[in-house]
Amino acid sequence: MKSGFIAGLLSFVALFAVLLVLPSVGLAQSPPNITALSFTPASINTSAAAATVTLNYTASSASGGIFYVEAAFQDPSATFLQRASKTYNAPASPISDSLAISFPAFSPAGTWQLAYVFVADAGGNTLILNTASIAGAGFATNLQVTSAVDNTPPGLSSFSLTPGAINTSAASANVVVGFTATDNLAGANSFQVSFVSPSGSQTQSASVSFPAALTVTSSATVTFPRFSEAGTWNVGSVTVTDAAANTLILGAADLLAGGFPSTLTVTSASDTTPPALTNFTFAPTAIDVTSAAATVTLTYSITDDLSGATGIQVQFLSPSGTIVPAAATFAANTSVTNGTATATFPRQISDFGTLTWIVNSVF
């Protein structure tokens, strides 16, 4: 519901931007007028579902007709706004019409007030009525909202891991996390699960969203990449939320207490050997940057025993400490032959004269 307030502010900004470019062509600069204003019903119940209030109005203008109408109700705590607006591509006066203002399920209960009515005409003139102005004109402002309060987090009645053991030595592997989420009123609408590796240095997670329902049976698929850390992974957390923003968070101990699985066995090849640089050259070996930048092309070959090399970084270093880098990235490959990267030396770099640069590092 807070989003309605933000959208309302944005719509005002957008409206004024439009009105600034509307030609006045000598029209009278008197504001629009509202001659009739009412809403129905005068009370709604959002305990089980959303509800709609119809705001009826008659507005007139002496400056080219009514161009835009917006109105909003504000909740008892002055926190939330529910609003609606309408733009007339063919302004007219007078105009009798209505706005449908929606209230979501579990809207705050109590007396909501018609917070404002905003009217603009084609001549750029505006009318803004607040609650006091609306009441002073003899129009109704109070809307009674009955609603159930949902402050109970959802529950988890089933939880499974399929399979319970995976092998990522040769390829990535998927684990399907099945679940049944329950909720008493608003309905569960999202689920998230995360796994933590034995060392705590790796995590994998997945999430899924769905239409709010009191009982939801579904699944989320977690992908473990090739060469994931071997050993016993723990379920780091399970998070279930409902449409009223209540949240259930369970850890491994909570899952165990509920009789659910909390660990996953991962078998994997361990890749602890760094890649090897089997060939490295660059050309040309002498450049002149007194009148223009110059480019040096590096050629390299790399091997790796398991997971594959994914990139190379090289630094050229001048006698005074100036660095010119070169880099290349590529898809994981256990054998890269005659790959290339370029290093660009800018014109008149700070070191003048004939100097010898060195290859400072290859990574």
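Numbers for the structure displayed
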read-out: The chain - percent of accessible surface contributed by carbon and sulfur, probe 1.4 Å; value: 55 percent
read-out: Ranked order, E70, E229 - accessible area, probe 1.4 Å, largest first; value: E229, E70
read-out: Span per principal axis, largest first, for the Cα atoms of the stretch 289-363 (Å); value: 46, 21, 14
read-out: Separation between Cα centres of the stretch 157-177 and the stretch 263-340, rounded to whole Å; value: 35 Å
read-out: Cβ-derived FRET efficiency at R0 45 Å, T87 paired with Q202, nearest 0.05; value: 0.30
read-out: Cβ-placed point charges (K, R +1; D, E -1), dipole of the chain about Cα centre in debye, nearest 20; value: 440 debye
read-out: Summed residue charge, Cβ within 11 Å of N184's Cβ, Lys/Arg positive, Asp/Glu negative; value: -3
read-out: Identified option (computed Cα extents along the principal axes in Å; candidates [x] 87, 70, 31; [y] 95, 54, 43; [z] 62, 46, 37); value: [x]
read-out: The stretch 59-70 - phi-based ³J(HN,Hα) in whole Hz, Karplus 6.51/-1.76/1.60, Gly and Pro as x; value: 10, 9, 8, 9, 10, x, x, 6, 9, 7, 9, 9
read-out: Residue-averaged 222 nm ellipticity for the chain, from DSSP H runs of 4+ at -39500 (n - 2.57), nearest 500; value: -2500 deg cm²/dmol
read-out: Accessible surface, the chain, averaged per residue in Å² (probe 1.4 Å); value: 49 Å²
read-out: Rg followed by Dmax, in Å, when the stretch 203-339 is reduced to its Cα trace; value: 25.2, 75
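The values are calculated or read from the model by the stated rules, or taken from the named source; none is laboratory data. Computed from a prediction, not measured in an experiment: that's the story for all the values here. Every residue, glycine among them, receives a Cβ derived from its backbone with ideal geometry; neighbour counts consider all protein chains shown. To get the accessible areas, we keep the full protein, side chains included, count just its heavy atoms, and leave off ligands, DNA and RNA. Shrake-Rupley method; radii C 1.70, N 1.55, O 1.52, S 1.80 Å.
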